[in-house]
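Peer 1: The structure that follows is given in the form of structure tokens.
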Amino acid sequence: MKFEKIGRDNQKALASLFRSTFGASEGEGEGLLIGDLADQLGAAIDDLDVMAFGATQGEALIGAIFFTRLRFADDARVYMLAPVAVATAHQGAGLGQALIRFGLEVLAGQGATVAITYGDPAYYGRFGFAPLSEGVIRSPVALSMPHGWLGQSLNGQPIQPRRERPQCVEPFRNPALW
Ligand SMILES: CC(C)(COP(=O)(O)OP(=O)(O)OC[C@H]1O[C@@H](n2cnc3c(N)ncnc32)[C@H](O)[C@@H]1OP(=O)(O)O)[C@@H](O)C(=O)NCCC(=O)NCCS
């Protein structure tokens, strides 16, 4: 098993992993929606606004996560972790946790100051994410589940509150994802 930053050449494998994983756990419609998102994000990997980390076993991609930049008017290095998938047959073995910890470490090492995610607080609380008020950092698109808006500092400083609504990368500008 290997964890590494992965590039655009993994676009097809990423789309297929997210489509099948979310299809199995959330139903076909969600599989298609998130598979399409992963396809678009995979094509946009540039190591600045869009980053992906993968867990590979031999040639197979069995887990993957994306970090995408939330852009503010200044050059703040704020990234959103989403989506996350571990292939159905490999779930529950600690892979998701290890891959997320790996990605957060690399991100912090590159100078990112804040990581945000939108998901289950019980799961993401394991890696330091805590509920984030939109009074501190607003979501780029209106949230249907505000309690799932989570964040953590990556540089040991408190998260600096910002009034401005950040811009997410293009593939996330779909209200159905929020
Ligand atoms: C959620 C997911 C990424 C977790 O990856 P994983 O490798 O199976 O998880 P890990 O083995 O690292 O962690 C398993 C632990 O997290 C818990 N867990 C898994 N999914 C959870 C969830 N959605 N909410 C709360 N806890 C969860 C498990 O109960 C398990 O607990 P334990 O350690 O006490 O036994 C994976 O199951 C998955 O891809 N699911 C389908 C897609 C999805 O829901 N993605 C996340 C939303 S973007």
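The values are calculated or read from the model by the stated rules, or taken from the named source; none is laboratory data. Just so it is clear, the model here is predicted, and its values are computed rather than measured. Glycine also receives a Cβ, built like all others from the backbone with ideal geometry; neighbour counts cover every protein chain displayed. Side chains included, ligands, DNA and RNA excluded: accessible areas come from the protein's heavy atoms. Shrake-Rupley method; radii C 1.70, N 1.55, O 1.52, S 1.80 Å.
Peer 1: Could you pull out every residue, at least 5 positions away or on a different chain, whose amide H is within less than 5 Å of the one on Met80? Hs are placed 1.01 Å off N in the peptide plane, and Pro or chain starts have none.
Peer 2: The list, which skips near neighbours in sequence, is Thr68, Arg69, Leu70, Ile116.
Peer 1: Using the alpha-carbon centroid of each, what span in Å lies between the range 14-63 and the range 144-177?
Peer 2: Cα centroid to Cα centroid, the span is 20 Å.
Peer 1: Within the accessible area of the range 2-177, what % is carbon and sulfur when the probe is 1.4 Å and the other protein chains stay in place?
Peer 2: Values: 4180 of 8370 Å².
Roughly 50 percent of what the probe reaches on the range 2-177 is carbon or sulfur.
Peer 1: In whole Hz, with x marking every Gly and Pro, tabulate ³J(HN,Hα) for the range 126-139 from phi via Karplus 6.51 cos²θ - 1.76 cosθ + 1.60, θ = phi - 60°.
Peer 2: 5, 10, x, 7, 10, x, 10, 6, 6, x, 9, 9, 7, 7
Peer 1: Moving to a separate point now. For the range 59-145, which GluC sites (Glu not before Pro) pass both filters: DSSP loop (anything but H, G, I, E, B) and at most 10 other C-beta atoms within 10 Å?
Peer 2: Glu59
Peer 1: Right, another one. Between rounded, prolate and oblate, where does the range 60-166 land on the alpha carbon gyration tensor, with a ≥ b ≥ c its root eigenvalues, rounded for a/c under 1.5, else prolate if a/b exceeds b/c?
Peer 2: Prolate is the answer for the range 60-166, as a/c is 1.5 or above and a/b outweighs b/c.
Peer 1: Moving on. So what are the ³J(HN,Hα) numbers for the range 49-54, from phi and the Karplus equation (6.51, -1.76, 1.60; θ = phi - 60°), rounded to whole Hz, Gly and Pro as x?
Peer 2: In residue order, the calculated couplings are 8, 9, 10, 9, 10, x Hz.
Peer 1: I would also like to ask the following. Along the range 87-103, what does the Karplus equation 6.51 cos²θ - 1.76 cosθ + 1.60 (θ = phi - 60°) give for ³J(HN,Hα), rounded to whole Hz, x for Gly and Pro?
Peer 2: Listing the rounded values in order: 3, 3, 5, 10, 6, x, 10, x, 5, x, 4, 5, 5, 5, 4, 4, x Hz.
Peer 1: Using only the Cα atoms of the range 1-132, build the gyration tensor, take square roots of its eigenvalues as a ≥ b ≥ c, and label the shape rounded, prolate or oblate: rounded if a/c is under 1.5, else prolate if a/b is larger than b/c, else oblate.
Peer 2: The shape class here is rounded.
Peer 1: Also, quick follow-up: Tell me the per residue accessible area of the chain using a 1.4 Å probe; a whole number in Å² is fine. Please list the in-between numbers first.
Peer 2: Details: 8520 Å² over 178 residues.
Each residue of the chain exposes 48 Å² on average to a 1.4 Å probe.
Peer 1: Hey, what number do you get for the chain at 222 nm if only DSSP H runs of n ≥ 4 count, each worth -39500 (n - 2.57), divided across all residues, to the nearest 500?
Peer 2: Calculated mean residue ellipticity at 222 nm is -9000 deg cm²/dmol.
Peer 1: Using DSSP to define loop residues, name the GluC sites (Glu not before Pro) in the range 1-56 whose beta-carbon has at most 15 other beta-carbon atoms within 10 Å.
Peer 2: none
Peer 1: Quick check on the range 20-63: take the gyration tensor over C-alpha atoms, sort the square-rooted eigenvalues as a ≥ b ≥ c, and tell me if it's rounded (a/c under 1.5), prolate or oblate.
Peer 2: Because a/c hits 1.5 or more and a/b fails to exceed b/c, the range 20-63 counts as oblate.
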